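Data first, discussion second: the structure below is written as structure tokens.
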Amino acid sequence: MALSPAITDLEELKSHPAVACLTAWNPAAVQGVKFDRDEMTIYLDSAHLREACVILRDDRECAFNFLSDVTCVDWTPAEPRFEVVYHLLSISKKERVRLKVRLGSANPVVESVTSVWPGANFFECEVFDLFGIRFSGHPYLRRIQMPEDWEGHPLRKDYPVEGYR
Amino acid sequence: MAHLAPTPVIEPGQDRTMILNMGPQHPSTHGVLRVILEIDGENIVRIMPDIGYLHTGIEKTCEAKFYQQVVPLTDRIDYLCPMTNNLCYVLAVEKLLGLEIPPKAQWLRVLLNELTRINSHLVWLGTHALDIGAMTVFLYCFREREEILKIFEIVSGQRMMTSYFRIGGIALEPPLGFFDRVRDFAGYFPEKVDEYENLLTENPIWGMRTKGVAIITAEDAIALSASGPTLRGSGVDIDLRRDMPYSSYEKFQFRVPIATEGDVFARYMCRVQELRESIGIVRQALDGMPEGPIKADAPKVVLPDREKMKTQMEALIYHFKIITEGFAVPAGEVYQAVESPRGEMGYYIVSDGTAKPYRVHMRAACLANLQTLPTMCEGRLLADVVAAIGSIDIVLGEIDR
């Protein structure tokens with residue numbers, strides 16, 4: 001099983017239901033796509049993330065009704081520094097899609113998806129705790145893993161793996 | 001974790017209610033879960049789980065290790081299903097590498113995974129029943145679990161932290177007598193499940209403590225990202241082994257038990273039937289075990305056999321290189337999910353093309369499942385919280401990582 005190169009051409013991937021659905025709704029919200037190792041990734045504009053999630057959840061062709069996971073990747077020193085990653089699953093279609101929003105290091109804020117899936121609550125708290133990404137509209141954003149008076153966000157790449165900070 | 005600052009969210013609304021702190025050292029919270037309850041007499045007004053007491057920063061540690069060094073860390077996440085975590089991690093890395101795994105290794109992985117599922121469900125059943133007051137079941141369950149742990153020891157040298165799977169296959173050929181031991185176990189285990197069921201399923205006290213208790217609807221369970229038996233107990237028919245097969249699960253015949261009531265009893269029934277299905281898969285794996293190698297043909301990734309390493313120059317070089325500098329994994333990202341005993345266990349791994357993972361994230365099934373607790377318990381009696389926590393089957397190591 002040799003690896004085939006990733007496809008990043010939007011035109012080529014238009015047939016994928018999630019891409020088709022999002023481009024039909026608002027082409028400006030889709031910043032890029034990637035199909036690599038049988039997994040679909042859609043890069044979204046952070047301002048449209050919540051609405052895009054509602055569309056993907058409610059659309060009949062997509063039916064991505066289950067939020068598997070929310071996490072984040074720190075690409076420091078690159079800018080935009082953070083990628084917040086959402087994994088969606090369609091229980092009826094047995095399909096997965098990955099949504100990504102890129103956030104700059106100055107003010108990493110993205111709209112919370114807890115109003116779309118209440119299950120995002122703990123995931124977003126964890127990303128806030130470990131990466132310092134804020135989710136606007138989250139009902140109770142708090143440190144969930146680290147003590148409340150902890151300084152810094154441990155999973156950021158500039159946070160040391162060992163020793164005192 | 002709120003052990004220093006005062007509890008922020010729940011403050012007594014009226015004079016009637018009081019705040020009760022349950023855990024983190026409470027025997028029925030299955031580890032170090034702390035639950036903050038607002039109660040009005042015996043009734044629960046609000047409930048908030050508080051986690052983080054077992055946070056060990058495994059995700060951060062992974063970033064400083066070679067890919068093969070992460071395998072033992074994955075055991076430590078969940079002490080009840082080490083093999084499932086091993087499997088999920090190695091599958092994700094193999095997907096990143098584009099490795100083909102020989103059939104025998106895949107079947108052995110399935111066999112051991114199903115034994116792990118039985119192991120995990122037995123501990124769940126024993127402790128859950130103990131919480132609700134059925135003391136006997138605990139001893140019965142641990143009797144069979146002991147045999148599974150012995151089988152793990154035979155095959156991997158460890159009872160709990162097995163670390164038996166490797167990127168590209170499995171560590172060693174199973175020793176002589178392993179398959180016979182598993183076959184013996186598979187032979188008598190269904191009777192033992194009958195024994196557990198005799199003690200519980202028709203038991204009126206068990207019924208009163210579990211039926212109609214801590215109900216969650218299918219819509220709520222999906223919206224709260226619940227998975228595994230917590231979701232199937234509410235009537236949602238999804239099992240990743242069947243619906244998105246991995247490690248040749250598509251070659252096995254099994255039924256996915258679901259129940260529609262969404263209460264503690266429904267989740268109990270799902271798991272007990274899963275015990276029977278799992279032992280069926282174990283039997284199929286024993287009967288149809290393919291012959292052949294147990295490691296992929298990828299000398300740059302898979303360590304050579306000991307014999308070869310001592311006699312062949314090339315094998316020695318590869319061995320030295322893998323141990324000292326690891327192996328580079330092509331840049332990219334994957335999300336691999338498996339059906340763990342608790343639900344959807346997922347690994348999201350980002351590679352930047354070096355020998356160490358850039359980011360490893362574990363999607364913990366329990367973390368999401370725990371969010372269903374307020375929906376299950378609010379408005380119900382205090383004693384039901386214990387039943388509800390038991391029925392979600394949480395492992396705090398996985399929640400906090």
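The values are calculated or read from the model by the stated rules, or taken from the named source; none is laboratory data. Predicted model only: the values in this text are computed from it and were never measured. Methodologically, a virtual Cβ is constructed for each residue, glycine included, from the backbone with ideal geometry; neighbour enumeration extends over all protein chains shown.
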- Condition test on B:Arg276, is it in contact (Cβ under 8 Å) with a residue 40 or more places away in the chain, closer than 22 Å to B:Ala368 by Cα and not in a loop (DSSP other than H, G, I, E, B)? no
- Can you tell which of B:Thr217, B:Thr201, B:Thr230, B:Thr210 is β-branched (Val, Ile, Thr), closer than 18 Å to B:Trp124 by Cα and surrounded by fewer than 16 Cβ atoms within 10 Å (Cβ to Cβ)? B:Thr201
- Query: Pairs under 9 Å by beta carbon, first residue at the interface with chain A (Cβ under 7 Å from one of its Cβ atoms) and on the phi < 0 side of the Ramachandran plot in region B:50-64, partner of a type in the set (Asp, Glu) and surrounded by fewer than 18 Cβ atoms within 10 Å (Cβ to Cβ), six or more apart or different chains?
  - Reply: B:Ala64/A:Glu162
- Note on the structure: Taking region A:1-26 and keeping residues loosely packed, with under 14 Cβ neighbours inside 10 Å, in a loop (DSSP other than H, G, I, E, B), more than 14 Å from chain B (Cβ to nearest Cβ) and not hydroxyl-bearing (Ser, Thr, Tyr) leaves A:Asp9, A:Glu11, A:Glu12, A:Lys14
- Would a scan of region A:24-41 turn up a residue that is modelled with pLDDT of 90 or more and within 18 Å of the chain's Cα centre (by Cα)? yes
- Query: What single numbered condition from (1) part of a loop (DSSP other than H, G, I, E, B); (2) within 13 Å of another protein chain (Cβ to nearest Cβ); (3) farther than 18 Å from B:Arg117 by Cα fails to hold for B:Ile238?
  - Reply: (3)
- Consider A:Cys53 carefully, then state whether it is more than 10 Å from chain B (Cβ to nearest Cβ), at pLDDT 85 or above and assigned to a helix (DSSP H, G or I). yes
- Scanning region B:20-49 for residues that are on the phi < 0 side of the Ramachandran plot and in contact with a Ser or Thr (Cβ under 7 Å, 6 or more places away or on another chain), the one surrounded by the fewest Cβ atoms within 10 Å (Cβ to Cβ) turns out to be B:Asp40
- Got at least one residue in region B:103-119 being outside any helix (DSSP H, G or I) and in contact (Cβ under 8 Å) with a residue 40 or more places away in the chain? no
- Item | Residues being at pLDDT 90 or above, assigned to a helix (DSSP H, G or I) and buried (at least 17 other Cβ atoms within 10 Å of the Cβ) - total across region B:150-171 | 3
- Output the residue which, of all residues in region B:312-332 that are in contact (Cβ under 8 Å) with a residue 40 or more places away in the chain and within 14 Å of chain A (Cβ to nearest Cβ), is surrounded by the fewest Cβ atoms within 10 Å (Cβ to Cβ). B:Pro330
- Residues (more than 11 Å from chain B (Cβ to nearest Cβ), in contact with an Asp or Glu (Cβ under 7 Å, 6 or more places away or on another chain) and either over 23 Å from B:Leu370 (Cα atoms) or not in a loop (DSSP other than H, G, I, E, B) (or both)) located in region A:103-125: A:Gly104, A:Ser105
